[in-house]
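**Student:** Here it is, the structure in full.
The values are calculated or read from the model by the stated rules, or taken from the named source; none is laboratory data. In this text the structure is predicted, and so the values were computed from the model without any measurement. Please note: Cβ atoms are built from the backbone with ideal geometry, for glycine as well, and neighbour counts cover all protein chains shown.
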Amino acid sequence: MYVLMAALCTVHICNLTTIIPRMLLGLIFNLNLISLPACLIQMFIIYCGVTLESNILVVMAMDRYVAICKPLRYADIMNKTLLVQLAVAAMIRGGCIASPIVVLASQVHFCGSNIIQNFVCENMALLFLACSDISINNVVGMMITTVLAGFDISFILFSYVKILHAALSIALGSVRHKALQTCGTQLLIIALTYISYLLSSAMYRAGKSVTQDIHNLFSAVYVILPAVADPVIYGLRVKEIRECIGKLLKGRVDNGSK
(Lines give C-alpha, C1' and ligand atoms only; values in the text may rest on other atoms or scores of the structure.)
Protein backbone atom coordinates (compact mmCIF):
# COMPACT_ATOMS: atom_id res chain seq x y z
CA MET A 1 0.00 0.00 0.00
CA TYR A 2 2.84 2.43 0.77
CA VAL A 3 4.42 1.66 -2.61
CA LEU A 4 1.11 2.42 -4.32
CA MET A 5 0.71 5.65 -2.35
CA ALA A 6 4.24 6.67 -3.39
CA ALA A 7 3.43 5.83 -7.02
CA LEU A 8 0.25 7.94 -6.85
CA CYS A 9 2.19 10.90 -5.45
CA THR A 10 4.85 10.49 -8.17
CA VAL A 11 2.21 10.63 -10.90
CA HIS A 12 0.71 13.74 -9.31
CA ILE A 13 4.12 15.43 -9.14
CA CYS A 14 4.81 14.66 -12.81
CA ASN A 15 1.43 16.06 -13.86
CA LEU A 16 1.81 19.22 -11.81
CA THR A 17 5.39 19.74 -13.02
CA THR A 18 4.05 19.66 -16.57
CA ILE A 19 1.31 22.21 -15.86
CA ILE A 20 2.10 24.54 -12.94
CA PRO A 21 5.43 26.14 -14.06
CA ARG A 22 4.06 27.17 -17.47
CA MET A 23 0.81 28.36 -15.88
CA LEU A 24 2.72 30.53 -13.38
CA LEU A 25 4.91 31.99 -16.14
CA GLY A 26 1.75 33.00 -17.96
CA LEU A 27 0.11 34.53 -14.89
CA ILE A 28 3.17 36.39 -13.58
CA PHE A 29 5.19 37.32 -16.68
CA ASN A 30 2.51 36.99 -19.38
CA LEU A 31 4.59 34.31 -21.15
CA ASN A 32 1.64 32.52 -22.72
CA LEU A 33 3.13 31.28 -25.99
CA ILE A 34 3.37 27.55 -26.62
CA SER A 35 4.15 25.74 -29.86
CA LEU A 36 1.85 23.05 -31.24
CA PRO A 37 4.41 20.24 -30.65
CA ALA A 38 4.93 21.41 -27.04
CA CYS A 39 1.15 21.57 -26.58
CA LEU A 40 0.76 18.01 -27.88
CA ILE A 41 3.57 16.77 -25.63
CA GLN A 42 1.91 18.38 -22.62
CA MET A 43 -1.40 16.79 -23.62
CA PHE A 44 0.22 13.37 -23.91
CA ILE A 45 1.83 13.63 -20.47
CA ILE A 46 -1.42 14.81 -18.87
CA TYR A 47 -3.54 12.00 -20.31
CA CYS A 48 -0.87 9.42 -19.52
CA GLY A 49 -0.86 10.74 -15.95
CA VAL A 50 -4.64 10.63 -15.66
CA THR A 51 -4.67 7.03 -16.95
CA LEU A 52 -1.83 6.00 -14.63
CA GLU A 53 -3.68 7.55 -11.70
CA SER A 54 -6.79 5.54 -12.57
CA ASN A 55 -4.66 2.39 -12.91
CA ILE A 56 -3.13 2.93 -9.47
CA LEU A 57 -6.57 3.34 -7.92
CA VAL A 58 -7.62 0.03 -9.50
CA VAL A 59 -4.53 -1.71 -8.10
CA MET A 60 -5.23 -0.14 -4.69
CA ALA A 61 -8.72 -1.62 -4.76
CA MET A 62 -7.24 -5.00 -5.71
CA ASP A 63 -4.68 -4.73 -2.90
CA ARG A 64 -7.33 -3.95 -0.28
CA TYR A 65 -9.57 -6.74 -1.61
CA VAL A 66 -6.80 -9.32 -1.21
CA ALA A 67 -5.72 -7.91 2.19
CA ILE A 68 -9.22 -8.04 3.69
CA CYS A 69 -10.93 -10.89 1.82
CA LYS A 70 -7.91 -13.21 1.45
CA PRO A 71 -5.55 -12.14 4.25
CA LEU A 72 -3.74 -15.48 4.60
CA ARG A 73 -2.76 -15.42 0.92
CA TYR A 74 -1.86 -11.73 0.76
CA ALA A 75 1.94 -12.21 0.77
CA ASP A 76 1.70 -14.85 -1.96
CA ILE A 77 -0.63 -12.90 -4.24
CA MET A 78 0.55 -9.28 -3.84
CA ASN A 79 4.26 -9.98 -4.33
CA LYS A 80 6.98 -7.93 -6.03
CA THR A 81 6.65 -9.81 -9.32
CA LEU A 82 2.95 -9.00 -9.61
CA LEU A 83 3.61 -5.37 -8.68
CA VAL A 84 6.21 -5.03 -11.45
CA GLN A 85 3.87 -6.67 -13.96
CA LEU A 86 1.03 -4.33 -12.99
CA ALA A 87 3.34 -1.31 -13.25
CA VAL A 88 4.43 -2.28 -16.77
CA ALA A 89 0.82 -2.95 -17.79
CA ALA A 90 -0.24 0.43 -16.37
CA MET A 91 2.42 2.31 -18.36
CA ILE A 92 1.52 0.46 -21.57
CA ARG A 93 -2.15 1.16 -21.00
CA GLY A 94 -1.43 4.84 -20.36
CA GLY A 95 0.49 5.15 -23.62
CA CYS A 96 -2.15 3.25 -25.59
CA ILE A 97 -4.92 5.53 -24.31
CA ALA A 98 -3.07 8.85 -24.67
CA SER A 99 -1.51 8.15 -28.09
CA PRO A 100 -4.72 8.04 -30.21
CA ILE A 101 -5.94 11.31 -28.69
CA VAL A 102 -2.67 13.12 -29.40
CA VAL A 103 -2.17 11.61 -32.88
CA LEU A 104 -5.69 12.58 -33.98
CA ALA A 105 -5.28 16.09 -32.54
CA SER A 106 -1.99 16.54 -34.44
CA GLN A 107 -3.73 15.77 -37.76
CA VAL A 108 -6.44 18.42 -37.37
CA HIS A 109 -6.25 21.50 -39.61
CA PHE A 110 -6.09 24.72 -37.57
CA CYS A 111 -6.89 28.18 -38.91
CA GLY A 112 -8.07 31.56 -37.68
CA SER A 113 -7.53 32.09 -33.97
CA ASN A 114 -4.51 30.45 -32.35
CA ILE A 115 -5.48 31.30 -28.78
CA ILE A 116 -6.39 28.50 -26.40
CA GLN A 117 -8.68 29.86 -23.70
CA ASN A 118 -7.26 27.48 -21.12
CA PHE A 119 -4.24 27.25 -18.83
CA VAL A 120 -3.43 23.74 -20.05
CA CYS A 121 -3.40 21.95 -23.42
CA GLU A 122 -6.44 19.75 -23.19
CA ASN A 123 -7.82 17.88 -26.17
CA MET A 124 -11.14 19.72 -26.41
CA ALA A 125 -9.51 23.12 -25.77
CA LEU A 126 -7.24 22.54 -28.77
CA LEU A 127 -10.00 21.14 -30.97
CA PHE A 128 -12.06 24.30 -30.47
CA LEU A 129 -9.52 26.00 -32.82
CA ALA A 130 -9.99 23.42 -35.59
CA CYS A 131 -11.43 24.24 -39.00
CA SER A 132 -11.69 20.66 -40.25
CA ASP A 133 -14.09 17.91 -39.21
CA ILE A 134 -13.39 16.72 -35.66
CA SER A 135 -16.20 14.18 -35.35
CA ILE A 136 -13.70 11.29 -35.25
CA ASN A 137 -11.78 13.05 -32.47
CA ASN A 138 -14.98 13.48 -30.48
CA VAL A 139 -16.03 9.85 -30.94
CA VAL A 140 -12.60 8.51 -29.97
CA GLY A 141 -12.45 10.83 -26.97
CA MET A 142 -15.88 9.73 -25.76
CA MET A 143 -15.05 6.05 -26.29
CA ILE A 144 -11.79 6.32 -24.36
CA THR A 145 -13.45 8.23 -21.51
CA THR A 146 -16.31 5.71 -21.35
CA VAL A 147 -14.04 2.66 -21.44
CA LEU A 148 -11.50 4.08 -18.98
CA ALA A 149 -14.00 5.40 -16.45
CA GLY A 150 -16.57 2.64 -16.97
CA PHE A 151 -14.22 -0.32 -16.60
CA ASP A 152 -12.13 1.14 -13.79
CA ILE A 153 -15.08 2.41 -11.76
CA SER A 154 -16.96 -0.89 -12.19
CA PHE A 155 -13.92 -2.90 -11.07
CA ILE A 156 -13.32 -0.62 -8.09
CA LEU A 157 -16.96 -0.67 -6.99
CA PHE A 158 -17.10 -4.47 -7.30
CA SER A 159 -13.94 -4.77 -5.19
CA TYR A 160 -15.22 -2.47 -2.46
CA VAL A 161 -18.61 -4.14 -2.31
CA LYS A 162 -16.76 -7.39 -1.58
CA ILE A 163 -14.50 -5.59 0.88
CA LEU A 164 -17.37 -3.97 2.77
CA HIS A 165 -19.24 -7.26 2.92
CA ALA A 166 -16.17 -8.97 4.38
CA ALA A 167 -15.48 -6.09 6.78
CA LEU A 168 -19.03 -6.01 8.14
CA SER A 169 -18.91 -9.75 8.78
CA ILE A 170 -15.83 -9.41 11.00
CA ALA A 171 -16.80 -9.96 14.62
CA LEU A 172 -14.07 -7.85 16.25
CA GLY A 173 -15.03 -4.21 16.42
CA SER A 174 -11.49 -2.81 16.24
CA VAL A 175 -10.56 -4.88 13.19
CA ARG A 176 -13.82 -3.97 11.48
CA HIS A 177 -13.27 -0.29 12.24
CA LYS A 178 -9.73 -0.36 10.81
CA ALA A 179 -10.88 -2.08 7.62
CA LEU A 180 -13.76 0.36 7.11
CA GLN A 181 -11.49 3.34 7.84
CA THR A 182 -8.96 2.20 5.25
CA CYS A 183 -11.66 1.63 2.65
CA GLY A 184 -13.32 4.95 3.48
CA THR A 185 -10.08 6.82 2.81
CA GLN A 186 -9.60 5.19 -0.57
CA LEU A 187 -13.24 5.64 -1.57
CA LEU A 188 -12.90 9.35 -0.80
CA ILE A 189 -9.84 9.59 -3.08
CA ILE A 190 -11.58 7.60 -5.80
CA ALA A 191 -14.72 9.73 -5.67
CA LEU A 192 -12.69 12.94 -5.78
CA THR A 193 -10.65 11.77 -8.77
CA TYR A 194 -13.39 10.33 -10.98
CA ILE A 195 -16.10 12.88 -10.24
CA SER A 196 -13.79 15.81 -11.04
CA TYR A 197 -12.59 14.08 -14.24
CA LEU A 198 -16.11 13.24 -15.47
CA LEU A 199 -17.43 16.71 -14.64
CA SER A 200 -14.58 18.33 -16.60
CA SER A 201 -15.34 16.13 -19.61
CA ALA A 202 -19.06 16.89 -19.35
CA MET A 203 -18.42 20.64 -19.25
CA TYR A 204 -16.61 20.51 -22.58
CA ARG A 205 -19.33 18.37 -24.14
CA ALA A 206 -21.89 20.99 -23.05
CA GLY A 207 -20.32 23.41 -25.55
CA LYS A 208 -21.07 27.14 -25.50
CA SER A 209 -23.74 26.80 -22.82
CA VAL A 210 -20.90 26.74 -20.27
CA THR A 211 -18.57 29.73 -19.95
CA GLN A 212 -14.83 29.45 -20.43
CA ASP A 213 -14.21 30.31 -16.79
CA ILE A 214 -16.24 27.24 -15.79
CA HIS A 215 -14.21 25.12 -18.22
CA ASN A 216 -11.00 26.34 -16.62
CA LEU A 217 -12.35 25.81 -13.13
CA PHE A 218 -13.22 22.16 -13.74
CA SER A 219 -9.95 21.58 -15.61
CA ALA A 220 -8.09 22.88 -12.56
CA VAL A 221 -10.25 20.76 -10.27
CA TYR A 222 -9.56 17.44 -12.00
CA VAL A 223 -5.87 18.16 -12.71
CA ILE A 224 -4.77 19.91 -9.51
CA LEU A 225 -7.25 19.16 -6.71
CA PRO A 226 -6.63 15.37 -6.45
CA ALA A 227 -2.87 15.97 -6.42
CA VAL A 228 -3.25 18.42 -3.54
CA ALA A 229 -5.90 16.52 -1.60
CA ASP A 230 -4.54 12.96 -1.83
CA PRO A 231 -1.42 13.47 0.34
CA VAL A 232 -3.43 15.42 2.91
CA ILE A 233 -6.19 12.79 3.14
CA TYR A 234 -3.79 9.86 3.27
CA GLY A 235 -1.43 11.70 5.61
CA LEU A 236 -4.11 12.53 8.14
CA ARG A 237 -5.32 8.91 8.07
CA VAL A 238 -1.91 7.38 8.82
CA LYS A 239 -1.13 7.41 12.55
CA GLU A 240 2.65 7.51 12.10
CA ILE A 241 2.44 10.53 9.78
CA ARG A 242 0.14 12.37 12.20
CA GLU A 243 2.58 11.71 15.05
CA CYS A 244 5.56 12.95 13.00
CA ILE A 245 3.70 16.13 12.01
CA GLY A 246 2.67 16.66 15.65
CA LYS A 247 6.28 16.31 16.87
CA LEU A 248 7.51 18.65 14.11
CA LEU A 249 4.95 21.33 14.98
CA LYS A 250 5.58 20.93 18.70
CA GLY A 251 9.33 21.31 18.16
CA ARG A 252 8.79 24.54 16.21
CA VAL A 253 6.49 25.91 18.90
CA ASP A 254 9.06 25.08 21.60
CA ASN A 255 11.86 26.71 19.59
CA GLY A 256 9.72 29.79 18.99
CA SER A 257 8.91 30.15 22.68
CA LYS A 258 12.62 30.03 23.54
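**Student:** Taking the conditions exactly as written (under 24 Å from the mean Cα position of the chain (by Cα) and basic (Lys, Arg)), does Arg73 satisfy them or not? Even if it seems obvious, please write down each step before you answer.
**Tutor:** On the way: under 24 Å from the mean Cα position of the chain (by Cα): no; basic (Lys, Arg): yes.
No: the conditions fail for Arg73.
**Student:** Can you tell me how many residues within segment 123-134 are modelled with pLDDT of 85 or more and either under 17 Å from the mean Cα position of the chain (by Cα) or assigned to a helix (DSSP H, G or I) (or both)?
**Tutor:** Selection size over segment 123-134: 3.
**Student:** Okay, moving on. Checking the condition in contact (Cβ under 8 Å) with a residue 12 or more places away in the chain, crowded, with 16+ Cβ neighbours inside 10 Å and not in a loop (DSSP other than H, G, I, E, B), which residue from Asn118, Asn137 passes?
**Tutor:** Numbers: Asn118 fails: not in a loop (DSSP other than H, G, I, E, B).
Exactly one residue qualifies, and that residue is Asn137.
**Student:** Another question about this same structure. Is it true that some residue in segment 134-151 is closer than 27 Å to Leu187 by Cβ and in contact with a Leu (Cβ under 7 Å, 6 or more places away or on another chain)?
**Tutor:** Yes, the conditions are met somewhere in segment 134-151.
**Student:** Next question. Please give the number of the condition Tyr74 fails out of (1) touching an Asp or Glu at 6+ places or on another chain (Cβ under 9 Å); (2) closer than 17 Å to Ile45 by Cβ; (3) not β-branched (Val, Ile, Thr).
**Tutor:** Failing condition for Tyr74: (2).
**Student:** Looking only at residues in segment 27-48 that are in contact with a Leu (Cβ under 9 Å, 6 or more places away or on another chain) and in a helix (DSSP H, G or I), which one is nearest to Pro226 (Cα to Cα)?
**Tutor:** Selected residue: Met43.
**Student:** Collect the residues in segment 76-115 that are part of a loop (DSSP other than H, G, I, E, B), among the β-branched types (Val, Ile, Thr) and surrounded by fewer than 14 Cβ atoms within 10 Å (Cβ to Cβ), keeping them in residue-number order.
**Tutor:** As a first pass, look at segment 76-115 and keep what is part of a loop (DSSP other than H, G, I, E, B): 78-79, 107-109, 111-115.
After this cut, where a residue has to be among the β-branched types (Val, Ile, Thr) as well, the list is 108, 115.
Scanning segment 76-115 gives a single hit, Ile115.
**Student:** I want to confirm something. Restricting to segment 140-153 and keeping residues that are among the small types (Gly, Ala, Ser) and in contact (Cβ under 8 Å) with a residue 40 or more places away in the chain, which single residue is surrounded by the most Cβ atoms within 10 Å (Cβ to Cβ)?
**Tutor:** The first filter runs over segment 140-153 and keeps only residues among the small types (Gly, Ala, Ser), leaving 141, 149-150.
In the following step, the residues that additionally are in contact (Cβ under 8 Å) with a residue 40 or more places away in the chain were identified as 141, 149.
Numbers: Gly141: 22, Ala149: 15.
Filtering segment 140-153 for residues that are among the small types (Gly, Ala, Ser) and in contact (Cβ under 8 Å) with a residue 40 or more places away in the chain, the one surrounded by the most Cβ atoms within 10 Å (Cβ to Cβ) comes out as Gly141.
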